[in-house]
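Okay, so here's the structure we're looking at.
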Amino acid sequence: ERRTRLKSAVRKVGVGFTYEYDFGDSWRLDIVIESILSPEPKGRYPRCVDGRRSGPPEDSGGPYGYADYLEALADPKHERHQEMLDWRGPFDPEDFSIDRVNKALRRAFGLTRKGTPGSSRRHSALTPEVEAEIRRMLEL
């Protein structure tokens with residue numbers, strides 16, 4: 001494992017790298033920098049500017065466990081369908097809300113509505129582990 005700050009690793013468009021989250025479940029993400037935007041004077045950061053699909057539920061068993069989970073949810077006749085519903089309830093893997101992600105980021109980083117540090121840290125959609133990793137990567 002090598003520690004590299006995100007800002008030193010992604011200095012130009014087209015740079016790609018693999019990020020592994022949760023070594024136990026082996027979530028590996030291939031990330032390619034598509035553009036680097038100049039900060040807006042009144043912008044709030046960190047900020048999500050685009051996205052798609054819902055993140056998998058915590059502890060869903062890595063890529064293979066998540067695939068099994070989605071298969072069971074999609075098929076009411078699947079032997080584990082009810083178990084998966086009882087575990088987490090209904091889940092739409094296609095759901096994505098940029099507003100919800102940005103609210104979670106503001107809460108995770110303790111930002112008030114004006115984008116300044118404050119006491120708005122309530123319930124975050126990000127797990128404590130993900131929050132810590134984002135903070136480490138952004139060197140906050």
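The values are calculated or read from the model by the stated rules, or taken from the named source; none is laboratory data. Not measured: the values here are computed from a predicted model. Reconstructed Cβ throughout: ideal geometry from the backbone, glycine too, with neighbour counts over all protein chains shown. All accessible areas refer to the heavy atoms of the entire protein, side chains included, with ligands and DNA or RNA removed. Shrake-Rupley method; radii C 1.70, N 1.55, O 1.52, S 1.80 Å.
For K7, the criteria (1) open to solvent by 100 Å² or more (accessible area, probe 1.4 Å); (2) among the charged types (D, E, K, R); (3) assigned to a helix (DSSP H, G or I); (4) at pLDDT 90 or above hold in every case but one, which is (4).
Can you name the residue in the range 20-36 that is open to solvent by 100 Å² or more (accessible area, probe 1.4 Å) and out of contact with any strand residue (DSSP E or B) (no Cβ under 9 Å at 6 or more places or on another chain) and, of all such residues, is modelled with the highest pLDDT? Even if it seems obvious, please write down each step before you answer.
Taking the range 20-36 first, the residues open to solvent by 100 Å² or more (accessible area, probe 1.4 Å) are 23, 28, 30, 34.
Checking which are out of contact with any strand residue (DSSP E or B) (no Cβ under 9 Å at 6 or more places or on another chain) leaves us with 23, 34.
Working: F23: 74, E34: 85.
For the range 20-36, the residue satisfying everything is E34.
Quick check on this structure: which one of F91, F17 is part of a loop (DSSP other than H, G, I, E, B) and open to solvent by less than 60 Å² (accessible area, probe 1.4 Å)? So that I can check it myself, show each step before the final result.
Values: F17 fails: part of a loop (DSSP other than H, G, I, E, B).
Of F91, F17, the one residue that is part of a loop (DSSP other than H, G, I, E, B) and open to solvent by less than 60 Å² (accessible area, probe 1.4 Å) is F91.
State the number of residues belonging to the range 55-70 that are touching a strand residue (DSSP E or B) at 6+ places or on another chain (Cβ under 8 Å) and open to solvent by less than 40 Å² (accessible area, probe 1.4 Å). Of the residues in that region, 1 qualify.
Listed conditions (1) in a loop (DSSP other than H, G, I, E, B); (2) surrounded by 14 or more Cβ atoms within 10 Å (Cβ to Cβ); (3) at pLDDT below 90 are all met by E133, apart from (1).
I'd like to check something: does the range 71-83 contain any residue that is loosely packed, with under 15 Cβ neighbours inside 10 Å and under 23 Å from D22 (Cα atoms)? Scanning the range 71-83, I find at least one residue that is loosely packed, with under 15 Cβ neighbours inside 10 Å and under 23 Å from D22 (Cα atoms), so the answer is yes. Filter the range 20-57 down to the residues that are farther than 15 Å from V101 by Cβ, part of a loop (DSSP other than H, G, I, E, B) and of a type in the set (V, I, T) and list them by number. Hits for the range 20-57 are I33, I36. Residues of the range 37-54 that are closer than 22 Å to S8 by Cβ, open to solvent by 80 Å² or more (accessible area, probe 1.4 Å) and under 19 Å from the mean Cα position of the chain (by Cα): Y45, R47, V49.
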